[in-house]
1. Which of the lysines could a cross-linker span from LYS51 if the Cα-Cα distance has to be under 25 Å and same-chain partners fewer than 8 positions apart are dropped?
2. Counting pairs of alpha carbon atoms under 8 Å apart in space and at least six apart in sequence, what relative contact order in percent does the stretch 1-51 give?
3. Which whole-percent values make up P(r) of the stretch 28-82 when all C-alpha to C-alpha distances are grouped in 5 Å steps starting at zero?
4. Grab the beta carbon distance between ASP78 and PHE39, set R0 = 25 Å, and tell me the FRET efficiency rounded to 0.05.
5. Under 13 Å between alpha carbons, and skipping anything fewer than 8 positions from LYS128 in its own chain: which aspartates and glutamates qualify?
6. Which percent, to the nearest 5, of DSSP beta bridges fully inside the chain are antiparallel?
7. For the chain, what is the accessible area per residue in Å² when the probe is 1.4 Å?
8. When only alpha-carbon atoms count, how far does the stretch 52-108 stretch along each of its three principal axes, as whole angstroms with the largest first?
Amino acid sequence: IGQAPPSAIQIVPYDTTLLYDMLNWVNISKEEAQRMFDFEAVSNVFPGATKEGHKKPSKEDCDKHWVSTLENKIISSDKVILLGNFARNYFYSQPKTWSCNLQVLELIHPSRRNYNKIMDNKESIVNKLKEFLF
């Protein structure tokens with residue numbers, strides 16, 4: 001679960017981010033990831049952009065998407081990966097309707113703007129992914 005969809009429709013979700021590089025570090029190819037994961041965001045509406053990057057989605061847009069789609073997907077999941085602070089904060093702000101057995105992994109958002117932070121934390125990311133996925 002990430003923050004919001006990108007400005008342009010993508011055939012492969014998260015294709016313009018570093019997510020597939022991170023997954024490749026634990027030997028999961030882009031094609032395999034498409035089979036393994038159900039990609040989502042806390043909002044299904046692109047919130048616009050500034051020179052600094054994408055704007056954060058509105059709480060209203062997130063709440064609508066939560067009620068219409070996201071909560072049911074989470075309830076039926078056994079594992080969730082939260083990509084970035086916005087997704088993490090929104091996820092934990094919701095009433096807990098999911099199973100106590102739900103495993104949650106919090107990662108740095110895979111935005112290319114976070115390249116240095118991701119590379120500085122590569123070993124930790126690899127270890128967390130391996131432990132979580134395998």
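The values are calculated or read from the model by the stated rules, or taken from the named source; none is laboratory data. Note that the coordinates shown come from a computational prediction; the quantities given were computed from them, not determined experimentally. Backbone-built Cβ (ideal geometry, glycine too); neighbour counts: all protein chains shown. With ligands, DNA and RNA removed, areas are computed over all heavy atoms of the protein, side chains included. Shrake-Rupley method; radii C 1.70, N 1.55, O 1.52, S 1.80 Å.
1. Counting by Cα, and skipping residues close in sequence, LYS51 has these lysines nearby: LYS59, LYS117.
2. Once normalised by length, the contact order is 60 percent.
3. For the stretch 28-82, the pair-distance distribution reads 4, 17, 21, 19, 17, 15, 6, 0.
4. 0.95
5. GLU106
6. Percentage antiparallel, nearest 5: 25.
7. Here the residues of the chain average 61 Å² of exposed surface.
8. 37, 25, 15
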